[in-house]
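Data first, discussion second: the structure below is written as structure tokens.
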Amino acid sequence: MIDPTARSLTPFGHAPVLVDNAGMKRPLASKLPHVGTTIFTVMSQLAAECGAINLSQGFPDYDGPLALREAVKRYIDTGFNQYPPMAGVPGLREAVAAKVLRCYGATASPDTEITITPGATEAIYCAVTAVVQPGDEVIMFDPAYDCYEPAVTLAGGRPIRLPLLPPGYRIDWQRVADSITPRTRMIMINSPHNPTGSVLEADDLRVLAELAERHDLLICSDEVYEHLIFDGRRHESVLRYPALAARSFVVSSFGKTYHVTGWKTGYCVAPPALTAELRRVHQFVTFVGITPIQLGLAEFMREHPEHLDSLPGFYQRKRNLFVAALAGSGFRTLPSAGTYFQLADYSAISELPDREFAIWLTRNVGVAAIPVSVFYEQPPAARYVRFCFCKNDDTLREGAARLAAL
Ligand code: PMP
Ligand code: GLN
């Protein structure tokens, strides 16, 4: 059980101890002593315990397309159950190449520039591990998705965490330029951005390209929400900018795009030299992703390219439904330009810090949310929680009704 009065949800900073058969205790030096169980696991577990509507961890409560599920089942039933090639099923790499050409005008070789990974998380871990040397500095922006910092730390690198600026969670490029040192190796970006829903503009990428070239930096661009972008905006993929793409790992996830987060399948597009280094690591972390899932995705992508075009409208409608249902409530919603997340300021409702508020909300109101401070090295004073709106309309209406009754 979680102590609602505790400062943190999980035992951060605990010192692990190994007990042998004779009962002898030996301290175990943790490689990630400052890290607890991820907030997503913690909040989803609490939501399940409380029977709460789970608007915390980002996953849909609906299935992916029927034709996709049928295809995967068919591949399972017709003997496609052994290891695929290390870089991924060729047909899926070809489908990704066709997609990045269609969406971003980018040419990427399925053989030397595209790797299928078991989720975007593995791609990010392998990219960081492949190129970050001990002592290298890696710039990332707070609030930062939670897998970035541990990957850098485990590689012996030094995370340099810069705050995104209000309003709108913009990157302060002057501050980035001032933070670059001879040890800076990589900048990690994420657009559309989890948890804030902000998106990078063309000008941001131009400045990034200029800084990266001037200081010979690598980029890890987390674009898992590339197709979830609203109000007619265009996703500014790094792949649209050849000079930037030439020094970038561009990571995405089929989980978000096809409503199948539990299939844990993603990919990385990177120039041949970076791809070769990424694969050196990937082959010993997981070796490959799952064959029938890759084959099913390849078939579905070939036969249903229009699926991608439906996503902005599909999620924009859900965002609007959820935001409209909270209008006039104690929650003040912030702009969400992409992703399936919605930030809300709850300071008119409670003075609790966000972790405690998220627990209270789950237990007492029956709606689970993610406290935003967990994504910061130095959390600001603002009181925000993140709600996930990739849910059936009925789930969203019921969740919002409970929240609006506060
Ligand atoms: N990056 C961001 C910003 C995410 O929100 C997620 C969410 N799952 C991931 C990476 C990881 O994606 P995957 O589940 O494909 O590993
Ligand atoms: N990316 C998802 C989120 O932000 C969670 C993924 C996970 O649980 N690791 O909610």
Could you tell me the calculated FRET efficiency between R26 and F284, based on Cβ-Cβ distance and R0 = 35 angstrom, to the nearest 0.05? 0.80
Among all the lysines, which ones have a C-alpha under 21 Å from K391's C-alpha, if same-chain residues fewer than 8 places away are not counted? K256, K264, K318
Mind listing which chymotrypsin sites (Phe, Trp or Tyr not before Pro) in segment 365-406 are in a DSSP loop and have 16 or fewer other Cβ atoms within 10 Å? Y376
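For the chain, would you read off the P(r) tail past 30 Å as a percentage of all alpha carbon pairs? Could the numbers behind the result be given before it?
Working: 35018 of 82215 pairs.
When all Cα pairs of the chain are counted, 43 percent exceed 30 Å.
Mind checking Rg over Rh on segment 279-406, alpha carbons, Kirkwood formula for Rh? The partial results should precede the final answer.
Values: Rg = 18.8 Å, Rh = 17.1 Å.
Rg divided by Rh gives 1.10.
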Cβ-based charge dipole, the chain, positive-most Cα from P110, L18, F331: L18
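Can you compute the charge dipole magnitude of segment 281-406 about its Cα centre, using +1 on each Lys and Arg Cβ and -1 on each Asp and Glu Cβ, nothing else charged? Give it in debye, rounded to the nearest 20. Could you put the intermediate results ahead of the total?
Values: 12 positive and 12 negative charges, 59 e Å.
Roughly 280 debye, rounded to the nearest 20.
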So for the pair T112, Y83, with labels modelled 7 Å out along Cα→Cβ, what separation do we get in nm? 2.5
Quick check: from the Cα gyration tensor, does segment 140-180 come out rounded (a/c under 1.5), prolate or oblate? oblate
Which of H304, V285, A246 sits farthest toward the positive end of the charge dipole of segment 236-314, with +1 on the Cβ of Lys and Arg and -1 on the Cβ of Asp and Glu? V285
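For H282, H215, H34, what's the fewest-to-most ordering of other Cβ within 10 Å of each Cβ?
Numbers: H282 28, H215 14, H34 11.
Ascending number of Cβ neighbours within 10 Å: H34, H215, H282.
Based on Cβ point charges of +1 for Lys and Arg and -1 for Asp and Glu, what charge dipole magnitude is obtained for segment 149-297 about its Cα centre, in debye rounded to the nearest 20?
Numbers: 16 positive and 15 negative charges, 77 e Å.
Around 360 debye, computed over segment 149-297.
Could you sort the peptides 73-79, 327-333 by per-residue average Cβ neighbour count (10 Å cutoff), highest mean leading? If you can, show how the numbers build up before the last one.
Working: 73-79: 12.9, 327-333: 15.7.
The densest-packed peptide leads the list: 327-333, 73-79.
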Taking the alpha carbon gyration tensor of segment 186-257, what are the square roots of 5 times its eigenvalues, largest first, to the nearest whole Å? 21, 13, 10
With a Förster distance of 35 angstrom and the Cβ-Cβ distance between D231 and E351, calculated FRET efficiency to the nearest 0.05 equals 0.55
Which of these, A108, A22, A368, has the largest mean-square fluctuation under a Gaussian network model of the chain (Cα springs below 10 Å)? A22
Among L55, L92, S237, whose Cα lies farthest out toward the positive end of the dipole of the chain, if unit charges sit on the beta carbon of Lys, Arg (+1) and Asp, Glu (-1)? L55
Which value, in debye to the nearest 20, gives the size of the charge dipole of the chain about its Cα centre, when Lys and Arg are +1 and Asp and Glu are -1 at the Cβ? 320
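Please report the antiparallel percentage of DSSP beta bridges with both residues in the chain, rounded to the nearest 5.
Details: 22 of 42 bridges.
Percent antiparallel among DSSP bridges in the chain is about 50.
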Segment 153-229 - Debye-derived log10 I(q)/I(0), Cα point model, q = 0.13 Å⁻¹: -0.41
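Any read-out appearing in this document is the output of simple, stated calculations on the displayed coordinates, not a laboratory observation. Predicted, not measured: the structure shown is a model, and the values here were computed from it. A quick note on method: Cβ atoms are made from the backbone with ideal geometry, for glycine too, and the neighbour counts reach across all protein chains shown.
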